[in-house]
Amino acid sequence: MLPAAMRTVFLLLAAIPLAVAAGDLAVGAERAETCLGCHGVKGYRNTYPSYYVPKIGGQQAAYLEAALAAYGESRRAHPTMAAQAGRLSEEEIRDLAAFFAAQEPAVRQVGAVQRGDPRAGAERAEECIACHGERGDAPIAPDYPKLAGQHADYLAVTLKRYRSGEIRHDIMNSIAEGLSDREIVDLSAYFAAQEGDLHTVRRGRLSAAP
Ligand code: HEC
Ligand code: HEC
């Protein structure tokens, strides 16, 4: 049996790694300025091919970290994001992820849907919600992304890249293998049409408070 003071010290030591792992919101807010040049502009598009820059405000922190690591390590190819993520340390990635994850939208939003049939997508989505949660809004693990309210064209491009293996991720590679072009478009329309926390974090509205 340890004396009470010693037990307190052990408890404090045990708490330190947790505090570090959570990322620093204020530092993340400062770093995020660069990112907002694209992720903070509503309607901003990737050029070739053309699709909306994904919403990252309100996304799961552990997923944001995983995505940034994947760009940095070239498991996910995208010249701009590889350049952005490649020069970030693990700590900077944690701070940025904590910051974007902590942002809340003024109102829950849907994404842009230009094509596809959300109703057909809803039927096909049974398999997906087992991991991404009801309506794609409540993933079952911290490193699984929210899909609800993301832009449909971004979701579709990403699903095609999982299917072709251009983005390497064992789970999503095998899931996407079984999807036709039609199913990809309909599923993307369905998840984009669901209201969610995902939003474009606006410049000048940076907040270090969750
Ligand atoms: C020049 C524009 C630009 C800048 C600056 C930029 N991004 Fe991106 N970001 C993009 C585009 C375009 C994509 C979609 C890339 C793809 O198709 O994989 C993206 C994708 C992402 C994703 C993946 C989202 C998802 O749902 O999988 C994350 C995370 C991300 N960016 C974080 C950041 C962070 C953090 C910064 C700042 C350090 C940043 N980005 C700076 C354009 C930019
Ligand atoms: C077994 C769990 C699981 C199932 C089932 C699953 N996913 Fe995923 N999904 C994941 C994980 C984990 C990731 C993160 C992959 C990564 O880090 O690249 C992901 C990522 C994604 C992304 C990328 C999101 C973004 O912001 O870039 C899309 C789109 C997606 N899934 C759609 C689907 C669809 C559509 C289905 C159903 C056909 C589905 N998923 C089924 C676990 C799953």
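The values are calculated or read from the model by the stated rules, or taken from the named source; none is laboratory data. Nothing here was measured: the structure is a model prediction, and the numbers come from that model. Here the Cβ positions follow ideal geometry from the backbone for every residue, glycine too, while neighbour counts run over all protein chains shown.
Of the listed requirements (1) surrounded by 20 or more Cβ atoms within 10 Å (Cβ to Cβ); (2) assigned to a helix (DSSP H, G or I); (3) more than 15 Å from the chain's Cα centre (by Cα), THR158 misses just one: (3).
What number of residues within region 84-106 are part of a loop (DSSP other than H, G, I, E, B) and near ligand 1 (Cβ under 8 Å from one of its atoms)? Summing the residues that are part of a loop (DSSP other than H, G, I, E, B) and near ligand 1 (Cβ under 8 Å from one of its atoms) in region 84-106 gives 1. Of the residues making up region 116-138, those that are farther than 16 Å from PRO105 by Cβ, touching a residue at least 40 places away in the same chain (Cβ under 8 Å) and more than 8 Å from ligand 2 (Cβ to nearest atom) are GLY116, ASP117, PRO118, ARG119, ALA120, GLY121, ALA122. Every condition in (1) free of Cβ contacts under 8 Å to residues at least 24 places away in the same chain; (2) more than 29 Å from GLY37 (Cα to Cα) holds for GLU183 except the one numbered (1).
Looking only at residues in region 65-117 that are over 16 Å from HIS39 (Cβ atoms) and among the polar types (S, T, N, Q), the one that is modelled with the lowest pLDDT is SER74.
The residue that is surrounded by the fewest Cβ atoms within 10 Å (Cβ to Cβ), counting only those in region 45-63 that are within 10 Å of ligand 1 (Cβ to nearest atom) and not in a loop (DSSP other than H, G, I, E, B), is ARG45. Listed by first and then second residue, the pairs linking a residue in region 64-75 that is under 11 Å from ILE167 (Cβ atoms) to a residue that is part of a loop (DSSP other than H, G, I, E, B) and not aromatic (Phe, Trp, Tyr), with Cβ atoms under 7 Å apart and 6 or more places separating them unless they lie on different chains, are TYR71/HIS78; ARG75/ARG168. Of the residues making up region 129-143, those that are in a helix (DSSP H, G or I) and surrounded by fewer than 19 Cβ atoms within 10 Å (Cβ to Cβ) are ILE129, ALA130, CYS131, GLU134.
Have a look at TYR190, TYR144 and point out the one that is touching a Cys at 6+ places or on another chain (Cβ under 7 Å), under 27 Å from ARG108 (Cβ atoms) and aromatic (Phe, Trp, Tyr). Before you say what the answer is, go through the steps one by one.
On the way: TYR190 fails: touching a Cys at 6+ places or on another chain (Cβ under 7 Å).
Result of the check over TYR190, TYR144: TYR144.
Would you check if ARG119 is under 23 Å from LEU187 (Cα atoms) and in a helix (DSSP H, G or I)?
Details: under 23 Å from LEU187 (Cα atoms): yes; in a helix (DSSP H, G or I): yes.
So ARG119 fits the description; yes.
Close contacts from region 25-44, counting a first residue that is at positive phi and more than 16 Å from ligand 2 (Cβ to nearest atom) and a second that is not polar (S, T, N, Q) and not in a helix (DSSP H, G or I), with Cβ to Cβ under 8 Å and a gap of 6+ residues or different chains, come to GLY43/TYR52. Within this structure, VAL201 passes the test of being crowded, with 19+ Cβ neighbours inside 10 Å, among the aliphatic types (A, V, I, L, M) and outside any helix (DSSP H, G or I).
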